[in-house]
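The values are calculated or read from the model by the stated rules, or taken from the named source; none is laboratory data. The shown structure was predicted, so the numbers you read here are calculated from the model rather than taken from an experiment. Here the Cβ is made from the backbone with ideal geometry for all residues, glycine too, and neighbour counts use every protein chain on show. When the accessible area is computed, the model is the full protein with side chains, heavy atoms only, and any ligands, DNA or RNA have been set aside. Shrake-Rupley method; radii C 1.70, N 1.55, O 1.52, S 1.80 Å.
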Amino acid sequence: MGVNSSRDLHIKHLPNKVFQRYRPINKLGEGGFGDTFLAEDTRAQANEDKRVVLKVIKNVGQAFAEREAIMLLHLGTQYPEYFPTLYAHGPAKIEGEERYVLVMKFFEGENLTHTRFQSEDEW
């Protein structure tokens, strides 16, 4: 039985390693376009941060997912202090279904949802 994209994706649905490299650790959150997971880059060098974020895009079509990847690639290159670096992207099998996955730099800090609500309260 495949993962229904209309419900939350649980870490148990992910393969042991995504793209034979990134090992999911725990779920960070979910949003309108996908679910995010903290993962470990099993091929990172000893002096590199091994933490990355996996964003599993909901079934919105590969063309949309590829556009998001290209946009993130450009924004992360131009504004690395505001947007995460995109390390990898592409389709991956998740419980028999092909889902598009973005692998991004992990930023330590507050959840953006909390930050958004905090700023709305200030209005």
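Some observations on this one:
- Subset of the stretch 84-123 [modelled with pLDDT of 90 or more and open to solvent by 40 Å² or more (accessible area, probe 1.4 Å)]: T85, Y87, H89, P91, K105
- Matching residues, the stretch 40-68, being part of a strand (DSSP E or B) and under 18 Å from R21 (Cα atoms): E40, D41, R51, V52, V53, L54, K55, V56
- Checking each residue in the stretch 39-52 for being touching a residue at least 24 places away in the same chain (Cβ under 8 Å) and either closer than 20 Å to E95 by Cβ or open to solvent by 60 Å² or more (accessible area, probe 1.4 Å) (or both) picks out A39, D49, R51.
- Members of the stretch 17-38 that are under 13 Å from A88 (Cα atoms) and among the basic types (K, R): R21
- Looking only at the stretch 53-77, and only at residues there that are among the β-branched types (V, I, T) and farther than 14 Å from G90 by Cβ, the one that is surrounded by the fewest Cβ atoms within 10 Å (Cβ to Cβ): T77
- Residues being farther than 30 Å from K12 by Cβ and in a loop (DSSP other than H, G, I, E, B) - total across the stretch 69-103: 4
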